[in-house]
Amino acid sequence: MKYFSLFSGIGGFELGFPREWQCVGFSEIDKYVKGSLPLHVGQSFDLEMTEEENNMLVEYAVVNILKDQFERMENEHRSNRDNG
């Protein structure tokens, strides 16, 4: 399986993946932290997001996570209202 690591940090999450999974790129803006991920997954990368791309992804993710959460809360409220 191939995957792209988002908000990678030092790559601790990747340590839990099976070794046969292949990380094809990553998203991390901290220049000091970036060096750890290739060590954890045992490979270097050709794909790396720029800081601008990373910021756009974070903004998109936050907006969609909040939107999904509000939709879930609204659906739960409707369900409770209709059932009770």
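Contact order, relative form, for the chain: 26 percent (alpha carbon pairs under 8 Å, 6 or more residues apart, mean separation divided by residue count). Each label point was placed 7 Å from the Cα along the Cα-to-Cβ direction; for Leu66 and Asn80 their separation is 2.2 nm. Neighbour counting of Cβ atoms within 10 Å sorts the residues Lys67, Lys34, fewest neighbours leading, into Lys67, Lys34. Taking a sphere under 14 Å around the Cβ of Asn64 and counting the other residues whose Cβ falls inside, with K and R at +1 and D and E at -1, yields a net charge of -1. Listed by chain and number, the aspartates and glutamates whose alpha-carbon sits under 16 Å from that of Lys67, ignoring those within fewer than 8 places in the same chain, are Glu59, Glu76. Read through the labelled values [x] 36, 29, 18; [y] 55, 30, 18; [z] 53, 23, 19 and report the label of the one computed as Cα extents along the principal axes in Å from the structure. Answer by label: [y]. How far, in degrees from 0 to 90, does helix 51-83 lean away from the longest principal axis of the Cα atoms of the chain, to the nearest 10? Compared with the principal axis, the helix lies near 30 degrees.
Coordinate-derived values only; no laboratory data. In this text the structure is predicted, and so the values were computed from the model without any measurement. Note that each Cβ is placed from the backbone with ideal geometry, even for glycine, and that neighbours are counted across all protein chains shown.
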